[in-house]
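Notes to accompany the following structure.
The values are calculated or read from the model by the stated rules, or taken from the named source; none is laboratory data. Here the structure is a predicted model, which means the values were calculated and not measured. A quick note on method: Cβ atoms are made from the backbone with ideal geometry, for glycine too, and the neighbour counts reach across all protein chains shown.
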Amino acid sequence: MAIYDTEEEQVEALKKWWKENGVSTIVGLVVGIALILGWNYWRDYKKDQAARASALYDQLLSTADAGKKESAEKLAQRTQEEFGKTEYASYSGLMEAKLKVQQGDLAAAKQILEKLAAKSDDELSHIARIRLVRLMLATGEYEQGLQVINKVDPAASSGFSANYDELLGDLYVALDRRDEARTSYQNALRNGSQSPLLQFKIDDLTAPEIVQTQK
């Protein structure tokens with residue numbers, strides 16, 4: 001640090017420093033304050049959006065539980081329109097698909113689930129995809145169901161492997177591809193499936209073979 005003999009020299013040095021650095025110092029200070037205020041605003045905005053979306057979704061659940069399907073459907077659509085960037089939009093989409101199934105509008109339910117499944121490989125997209133395949137299984141679209149599952153990235157779906165394996169087994173049974181069905185069910189069992197019916201499905205496939213061998 002420079003040593004100055006007089007106050008005049010100190011003042012002159014300060015003026016020189018300010019002339020060289022004053023503007024950048026002010027700009028840096030203003031930018032810093034703006035960043036802090038902007039971050040606080042964004043954080044508060046996100047919290048507010050999440051709180052409002054949560055409240056609307058709770059209203060949706062209550063309305064659905066009360067059997068008011070038409071009103072519940074409108075709330076589901078409103079949630080997706082107003083809070084599309086929150087997870088509640090996906091939750092409400094799943095609920096809307098369920099309501100469509102209850103109303104017998106399976107085509108609309110499939111469209112909703114396909115849209116949700118295509119979003120990403122997060123948990124909600126896997127739930128939507130699994131429900132979509134179950135719907136395909138119920139409507140006889142077995143090959144289409146296989147195509148949906150075969151497109152799933154195994155590395156991104158490890159938490160749902162058992163669900164997909166069991167669904168594959170169900171589809172193969174429907175297609176009378178028993179060996180592939182048994183293999184899929186056994187894979188589901190190895191992957192930790194908690195389905196209480198899984199062992200019965202495996203036994204049901206094995207029983208005819210035992211009878212045939214005994215003959």
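Restricting attention to region 121-170, the residues that are in a loop (DSSP other than H, G, I, E, B) and either of a type in the set (A, V, I, L, M, F, W, C) or buried (at least 16 other Cβ atoms within 10 Å of the Cβ) (or both) total 3.
Of the numbered conditions (1) assigned to a helix (DSSP H, G or I); (2) of a type in the set (Gly, Ala, Ser); (3) more than 22 Å from Arg134 (Cα to Cα), Ser90 satisfies every one except a single condition; which is it? It fails just one condition, (3).
Hey, does region 190-202 have a residue that's in a loop (DSSP other than H, G, I, E, B) and modelled with pLDDT of 95 or more?
So the first thing to find is which residues in region 190-202 are in a loop (DSSP other than H, G, I, E, B), and the list is 191-197.
Filter again for modelled with pLDDT of 95 or more, leaving none.
Looking for residues that are in a loop (DSSP other than H, G, I, E, B) and modelled with pLDDT of 95 or more, one finds none in region 190-202, hence no.
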